[in-house]
Amino acid sequence: MRLITTLVTLALSANVAAGLVWWVQKGQLDARQAQVAALQQEVRTQSSELLGYTRYTSYLTVGKNKLSEQMKLLSATVVRDEGTTQIVEKSVLGLPSTGVVAISYTVEYAFGYDLRPESYELKAADTGIEIHIAPPRLVTAPAVTALRHRILSGGLFTDEKTAIIRLSQEAARRARQQGEAMASEPAILALCEKSLTEFLYGFLSKQPGVRQVPRITVVYRKPT
């Protein structure tokens, strides 16, 4: 009888020990599975974050179309007061000799890029985004306003209306020449680049999944 009791006790002890081993092993397995799940979630999170830093490249084509749509609105406007001294022929002054007239006026210049889709490129580069494009130019004829004149010598206009028309025409011609020269000035280039890059940056940064937009650089094409 004592032998049977001993055997039963040993059997129960073995079962308990086996149960404990199984419980410990299951706990370890659960812990490992939890670690694997946490690691997988971390990888997914990091992958999503990394994708957000390069996601902007998916929207470059859309951004290019958007720039083309906004071409007229992306012009940079510059207003300057201009003045010149001009010799006016006697047929305008109505005198036996020519006269000297001082002319002053205000000019509004509008500069911008040719943003037709076939005229430029958006490229993802190692340093960020590059816009390969021709330099800015006058996008419309300069607007001449507030024309004023003062006769320095030679008398008075006999036909003031005709004289003002001719002076306005001359001012418009000079303004276009001045504007074409201004287009390559560093200040004008900087103003146009700022308008272009800020618009593209703002558009890309608002797109779904984009966490960061890199530096945008304007690269001017060489004249062909």
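The values are calculated or read from the model by the stated rules, or taken from the named source; none is laboratory data. From a predicted model like this one, the values you see are computed outputs, not experimental measurements. Positions of Cβ are backbone-derived with ideal geometry, glycine not excepted, and every protein chain shown enters the neighbour counts. Ligands, DNA and RNA are stripped out before the accessible areas are found, and what is left, the full protein with its side chains, is counted by its heavy atoms. Shrake-Rupley method; radii C 1.70, N 1.55, O 1.52, S 1.80 Å.
The C-beta contact set for the range 56-71 (first residue closer than 14 Å to Val213 by Cβ and hydrophobic (A, V, I, L, M, F, W, C), second residue open to solvent by less than 40 Å² (accessible area, probe 1.4 Å) and modelled with pLDDT of 75 or more, distance under 7 angstrom, 6+ apart or interchain) comprises Leu60/Leu122.
For the range 156-182, a residue qualifies if it is surrounded by 16 or more Cβ atoms within 10 Å (Cβ to Cβ), aliphatic (A, V, I, L, M) and in contact with a helix residue (DSSP H, G or I) (Cβ under 8 Å, 6 or more places away or on another chain), and the qualifying residues are Ala163, Met182. Taking first residues from the range 207-223 that are closer than 16 Å to Asp114 by Cα and partners that are open to solvent by 70 Å² or more (accessible area, probe 1.4 Å), no Cβ contact under 7 Å between residues at least 6 apart in sequence or on separate chains turns up.
Would it be correct to say that Ala124 is surrounded by 12 or more Cβ atoms within 10 Å (Cβ to Cβ) and more than 20 Å from Tyr59 (Cβ to Cβ)? If you could, list the steps in order and put the result at the bottom.
Values: surrounded by 12 or more Cβ atoms within 10 Å (Cβ to Cβ): yes; more than 20 Å from Tyr59 (Cβ to Cβ): no.
Against the criterion (surrounded by 12 or more Cβ atoms within 10 Å (Cβ to Cβ) and more than 20 Å from Tyr59 (Cβ to Cβ)), Ala124 does not qualify.
Here is the figure for the range 81-106: residues that are touching a helix residue (DSSP H, G or I) at 6+ places or on another chain (Cβ under 8 Å) and either at pLDDT 80 or above or assigned to a helix (DSSP H, G or I) (or both) total 5.
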